Amino acid sequence: MDLGLKGRSAIVCGASRGLGRACAESLAREGVNVVMAARRPDVLEQAAKEIRAATGAAIKTVPVDVTSPEGRAVLLSILPDPDILVTNAGGPPPGDFRDWDRAAWIKALDSNMLTPIELIKASVDAMIARRFGRIVNITSGAVKAPIDVLGLSNGARAGLTGFVAGLARKTVRHNVTINNLLPGPFDTDRIKAVMAGQAKAEGISLDEAMERRREANPAGRFGDPAEFGDACAFLCSAQAGFITGQNLLLDGGAFPGVL
Ligand code: NAP
């Protein structure tokens, strides 16, 4: 299936590793000119090199912290009017809400709610004017089934989800869609970091904790980031113009509800 994206441009945030990298690669394979952002220049450039080699696409890298206004300004100066925007940044740390002060909450809100909203604000009107735009926010399965130790994530992402639900119904008339992709457990550095904390708390090895988590999933495995990237590319496709305001779970069936 040709996704109708050849020659389009995209900003992909948090793109040097994991799910963001997979989104960048899937879009690049569809002929999208991708601008990849992440903080560490060496890791980012290496990822871009691999994606260029695999896809032949034109890839630019912008080593910035997307949660800072300065970082976003640099990113948007490289590609001011993207056709596609994939928002993403690291998830907040796990913990007990009694230990989180205002600064911890503001940091989580900045990363996982206000940064995506600022990036949407900067790009959505030009998308509307061009009558094409695809915005995908990488959020979390925790939006539908909150995880107790990830309260910072649960709270911040709920805010973004509510905001997007309103705006996505305003933009779709202009062929600009906004959707959220909700990962369950995917095989990335992030899940290893989260599971390391759990292994320590339970007094078991990281390998054992990972194996238990894999087994607990109905699919009996973690998701492959490439599966996530391809779902993102489809949501960005020309064919997906009637899908907006959705929260699409990719979790191997872990969420037990019907809807
Ligand atoms: P990951 O493997 O840790 O990768 C995170 C990526 O984002 C890296 O490229 C990282 O590069 C970049 N990044 C982090 N903070 C950034 C910042 N402030 N500015 C720019 N780039 C930044 O994480 P992942 O597993 O792909 O997860 C992506 C998102 O999905 C996270 O929000 C995570 O909480 C959520 N999620 C993941 C899972 C899972 O199982 N993997 C499950 C649920 C939710 P630098 O560090 O060099 O900046």
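The values are calculated or read from the model by the stated rules, or taken from the named source; none is laboratory data. This is a predicted model, so every value here is computed, not measured. Note that each Cβ is placed from the backbone with ideal geometry, even for glycine, and that neighbours are counted across all protein chains shown. With ligands, DNA and RNA removed, areas are computed over all heavy atoms of the protein, side chains included. Shrake-Rupley method; radii C 1.70, N 1.55, O 1.52, S 1.80 Å.
Output wanted: per-residue J couplings in Hz (rounded whole) for segment 133-141, from phi through Karplus 6.51 cos²θ - 1.76 cosθ + 1.60, θ = phi - 60°, x for Gly and Pro.
Listing the rounded values in order: x, 9, 10, 10, 9, 7, 10, 6, x Hz.
I128: net charge of surrounding residues, Cβ under 15 Å, Lys/Arg +1, Asp/Glu -1, itself excluded?
+4
On C-alpha positions alone, give me the angle between the axis of helix 225-235 and the longest principal axis of the chain, in degrees, nearest 10.
Roughly 40 degrees between the two axes.
Against the longest alpha carbon principal axis of the chain, how many degrees, from 0 to 90 and to the nearest 10, is the axis of helix 206-216 turned?
70 degrees
Between segment 194-259 and segment 109-138, what is the C-alpha centre distance in whole Å?
Between the Cα centres of segment 194-259 and segment 109-138 lies a distance of 24 Å.
How much accessible surface area, in Å² rounded to 10, belongs to the heavy atoms of F132 with a 1.4 Å probe?
Accessible area, nearest 10 Å²: 10 Å².
Can you give the net charge of the other residues whose Cβ lies under 11 Å from the Cβ of T55, counting K and R as +1 and D and E as -1?
Details: positive: R29, R52; negative: E25, E30, E50.
Residues close to T55 contribute a combined charge of -1.
Scan around I178 for amide H atoms under 5 Å from its own, H built in the peptide plane at 1.01 Å from N, and keep only partners 5 or more places away or cross-chain.
I135, G245
How high is the FRET efficiency from R130 to L248, r the C-beta distance, R0 22 Å, rounded to 0.05?
Rounded to the nearest 0.05, the efficiency is 0.35.
Local charge sum around E118 (other residues, Cβ-Cβ under 11 Å, Lys/Arg +1, Asp/Glu -1)?
Neighbourhood net charge equals +1.
How high is the FRET efficiency between K121 and I204 when r is their beta carbon distance and R₀ equals 51 Å, given to the nearest 0.05?
0.70
Would you mind calculating the gained length between A53 and I147 on full extension (0.36 nm times residue separation, minus the Cα-Cα distance), in nm to one decimal? Write out the running numbers ahead of the final one.
On the way: separation 94, 0.36 × 94 = 33.84 nm, distance 3.83 nm.
Between A53 and I147, full extension yields an extra 30.0 nm.
Quick one: 3J(HN,Hα) in Hz for segment 18-26, Karplus 6.51/-1.76/1.60 with θ = phi - 60°, rounded, Gly and Pro as x.
x, 6, x, 4, 5, 5, 4, 5, 5
Reachable lysines from K200, Cα under 23 Å, same-chain residues fewer than 8 places away excluded?
K200 reaches K192.
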